[in-house]
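Data block below; observations after.
The values are calculated or read from the model by the stated rules, or taken from the named source; none is laboratory data. Not measured: the values here are computed from a predicted model. FYI the Cβ positions are ideal-geometry reconstructions off the backbone, even for glycines, and counts take in every protein chain you see. Accessible surface is based on the protein model in full, side chains and every heavy atom, while ligands, DNA and RNA are left aside. Shrake-Rupley method; radii C 1.70, N 1.55, O 1.52, S 1.80 Å.
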Amino acid sequence: MKTAEGRTGAEAFPAGLEQPEGSFRFSIDALLLADMAAEASLPEDAVVADLGTGCGVVALSVLRRKPLWKAVGLELQPELVAAARRNACRLGVSSRFFAVQGDVAVRESLRATRAALEPGGVVEGRALPLFDAVLCNPPWRREGTGRLPPSDMRRTALFGDTRTFPAFFSAADGMLENGGLLAAVSGAERTAEMLAALPARLHPEVLRFVFTRRDAPAVFVLLLARKNGRADMRVERLEL
């Protein structure tokens, strides 16, 4: 399929991704999360979950770089679920990406969708499989701070509360294989809250602070946490 500029969706990535009118437009934090996930030590044929997938940008970016990986995206807003599915078709990865509508409490539905990616699909009596990694870019802006966007879709994507990080990270904990990875991104000012929200089994291994100006504080923080991991935590600096 050609974009308005005459390029295919794959050639225009990520600018060519469909984003419904009124929805939040993804920004650099989503692409930084995808980069970190693609760099992580995971199986060659990893299956990952993308919580709050939106138009699919994080999962699709990873799948473009990892031709044997598969992904299940979870998104609350139906318009974005439909857009994510169409984006996967445009990029030629629809056989490796499935978008599911719901919130982070529907982890069993996600695991059933993950099972459908396996040879033989869902088999009665067989335990639902877990994920090698869970990626999430949760709504990390605090309610009551900053300017509220006019669209309900944008507000839902942007703003969370004190329950947001615990809900996303608890879902990840229940969906990950032993040794699996959580990769998450947030505004750097929420670092302490992110770490405090990690369940006991998710051990932080990497904190990567992202700077856009040398004379200013970090803008984003990227987190890698391993289920039942034991490695010392490494702190990194990335300048854009």
Taking a crude spin-label model, label points 7 Å out from Cα along the C-beta direction, the LEU238 to ALA200 distance in nm is 3.2 nm
Tabulate in residue order the Karplus-calculated ³J(HN,Hα) for segment 176-181, using 6.51 cos²θ - 1.76 cosθ + 1.60 with θ = phi - 60°, rounded to whole Hz; enter x for Gly and Pro. 8, 4, 4, x, x, 10
Provide the gained length on full extension for the span ARG213 to ALA15, in nm with one decimal, where the gain is 0.36 nm per separating residue minus the Cα-Cα distance. 68.9 nm
HN-Hα couplings for segment 87-95 via Karplus (6.51, -1.76, 1.60; θ = phi - 60°), in whole Hz with x for Gly/Pro, come out as 4, 4, 5, 4, 8, x, 10, 5, 7
Any chance you could tell me what percent of the C-alpha pair distances in segment 200-240 go past 17 Å? 37 percent
Along Cα→Cβ, 7 Å out, is where each label goes; now give me the distance between the ones at ASN178 and ARG65 in nm to one decimal. 3.0 nm
How much accessible surface area, in Å² rounded to 10, belongs to the heavy atoms of LEU31 with a 1.4 Å probe? 40 Å²
Cα extents of segment 163-240 along the principal axes, largest first, in whole Å, come to 39, 27, 16
Can you give me the solvent accessible area of ARG90 with a 1.4 Å probe, rounded to the nearest 10 Å²? 70 Å²
Taking amide H atoms as placed 1.01 Å from N in the peptide plane, list the residues 5 or more away in sequence, or in a different chain, whose amide H sits under 5 Å from that of VAL134. ALA49, LEU181, LEU182, ALA183
Roughly speaking, what is the stretch gain from THR191 to SER41, that is 0.36 nm per residue apart minus the C-alpha to C-alpha distance, in nm to one decimal? 51.7 nm
